[in-house]
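A.B. asks: Please find one structure pasted underneath; my questions will follow.
The values are calculated or read from the model by the stated rules, or taken from the named source; none is laboratory data. On a predicted model such as this, the values are computed, not experimentally measured, just so you know. FYI the Cβ positions are ideal-geometry reconstructions off the backbone, even for glycines, and counts take in every protein chain you see. All accessible areas refer to the heavy atoms of the entire protein, side chains included, with ligands and DNA or RNA removed. Shrake-Rupley method; radii C 1.70, N 1.55, O 1.52, S 1.80 Å.
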Amino acid sequence: MTDWTNEEEEVMQTMLSKGANGTSALDVQVAGNHYKDLAIQPVEYIHANNIGYMEGNVIKYVSRWRAKHGIKDLEKAKHYIELLIELETRTCSET
């Protein structure tokens, strides 16, 4: 365990919360700005509500469909819903 000074601890906390270059990871959008333009980014909502992978993908695709791939993103969201229904149905029938 490292004993850091208060100043070192503050620098580390800033780096962890804002990234080493002083920006938040939420401020960085790779390949477009379809999430940054939303009032709440899907990743923030998904993380804050401890939402699972399948549900998270549905939220992601439904949130961005108008700004990115249109109907193709809605089809992806639909596919994840169908997967979730199938897997949950299988799990329920096994118990």
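A.B. asks: In region 48-67, what residues are surrounded by fewer than 16 Cβ atoms within 10 Å (Cβ to Cβ) and under 16 Å from K36 (Cα atoms)?
C.D. replies: The answer is R66, A67.
A.B. asks: Does K60 satisfy the criteria of being more than 20 Å from L26 (Cα to Cα) and assigned to a helix (DSSP H, G or I)?
C.D. replies: When the stated conditions are applied, K60 does not pass them.
A.B. asks: From S93, S63, grab the single residue that is modelled with pLDDT under 90 and not aliphatic (A, V, I, L, M).
C.D. replies: On inspection, the qualifying residue turns out to be S93.
A.B. asks: Which of the residues spanning region 68-77 are modelled with pLDDT of 95 or more and open to solvent by 50 Å² or more (accessible area, probe 1.4 Å)?
C.D. replies: I71, K72, L74, E75, K76
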